[in-house]
1. Within region 258-265, can one find any residue that is among the polar types (S, T, N, Q) and over 24 Å from the mean Cα position of the chain (by Cα)?
2. Quick check on my filter: what residues within region 217-227 are crowded, with 20+ Cβ neighbours inside 10 Å and out of contact with any Asp or Glu (no Cβ under 6 Å at 6 or more places or on another chain)?
3. With respect to the numbered conditions (1) within 30 Å of Ala307 (Cβ to Cβ); (2) over 15 Å from the mean Cα position of the chain (by Cα), which one is the sole condition not fulfilled by Gln88?
4. Please work out which one of (1) part of a helix (DSSP H, G or I); (2) of a type outside the set (Phe, Trp, Tyr); (3) without any contact (Cβ under 8 Å) to a residue 40 or more places away in the chain is the condition Arg70 fails and give its number.
5. Out of region 157-208, which residues are β-branched (Val, Ile, Thr), touching a residue at least 60 places away in the same chain (Cβ under 8 Å) and in a helix (DSSP H, G or I)?
6. Thr183 fails exactly one of the following numbered conditions: (1) surrounded by fewer than 21 Cβ atoms within 10 Å (Cβ to Cβ); (2) within 15 Å of His239 (Cα to Cα); (3) in contact with an Asp or Glu (Cβ under 6 Å, 6 or more places away or on another chain); (4) not aromatic (Phe, Trp, Tyr). What is the number of that condition?
7. Using the structure shown, decide if Thr298 is closer than 24 Å to Phe105 by Cα and of a type outside the set (Lys, Arg).
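None of the figures in this text is laboratory data; all of them are computed from the coordinates on show. Remember, predicted model here, so these are calculated numbers, not experimental data. Positions of Cβ are backbone-derived with ideal geometry, glycine not excepted, and every protein chain shown enters the neighbour counts.
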Amino acid sequence: MASMIRTIRYTALAALGIAIAGIGVAPRAEAADKTMRFGHMWPASSGWGQAAQHFADLVKERSGGKLEIRVYPDGQLGSERENEEGLQVGNLDVTFGGPGVLTNFDPKIGIFDMPFMFRDYAQANAVMDGPIGAKVFESLRTHAGIRVLASGAQGFRYILTKKPINSIADLKNLKIRVPEAETFLKTFQLIGANPVSVPWGETYMAEQSGVVDGLEGVPEVLLNFKMYEVAKSAAKTNHILATLQLMMSDKVYRALPADMQKIVDAAAKEAWNAQRDAAQKGNEQAEAQLAKLGVKFTSPDLKPFQAAVQPFWSEWAAKTGSSDLVEAIQKL
């Protein structure tokens, strides 16, 4: 009888010990099979910054947590060029940026930065979604090891300066900050300005200190990066319809299982398409907000601008072997 009592007592104590040990211990979350790093230059609160996070969230949800993409906005992991170089050398998995910097890896993608190439958002998006876009993006993948997952029209670029630009003559010899890309350098040379390549992260100080007389970009960018604080006159030149490409290291992508590749592809298109649909409205709202913040807008006659850069189309097409691309876009 005494032996039975001891057995019962030990069993109860063991059960109590297990129960106590479990108190306050949360179940451990399953670790992802693979974790990727996604670095970019944009503020997390911006439309495109939110699209980047949306992409990461969709991938994690649809992979059941097996694939996690951690997003590092605001240039935490480097400049736009450093992030894109990171895709090549293997210290970054995902980023997004525009064709301007990407032309340093493959000049053909400069087609999306050619001055006055696109008449509106719809035409640009149709080109990027179709066979022309596929050909350009395949060239980038082949030459640079960078895979474009999705692409979208970001907005028409304006020129922001301290003094008003009412005509092409007002740009003569002005130092205008542009991305480090031949298409931008040549465009601004042809319209009479003195283009200066400055990393985006240094642009605010360059304008504030007088290193440059102005810069250019889409309204949403000018607003999100507070460029209105250092210059108050914006000319609606619409010289280039900016686009943004969501990219992954091709080596990293090809190492994924087929089912994960499909999840990544679908999530990228869904997140990017939603943001590009909102881009035009976002720029209209940004322009209105800039006006409230004291920016004065001018609308110079664009015909002299278009005439000045027209020869560059033929020159660039011959140099990059892209005459067929230019002709195909103009037929749309």
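1. no
2. Gly217, Val218, Glu220, Val221, Leu222, Leu223, Met227
3. All conditions are met except number (1).
4. (1)
5. Matches in region 157-208: Ile168, Thr183, Thr187.
6. Against the list (1) surrounded by fewer than 21 Cβ atoms within 10 Å (Cβ to Cβ); (2) within 15 Å of His239 (Cα to Cα); (3) in contact with an Asp or Glu (Cβ under 6 Å, 6 or more places away or on another chain); (4) not aromatic (Phe, Trp, Tyr), Thr183 comes up short only on (1).
7. no
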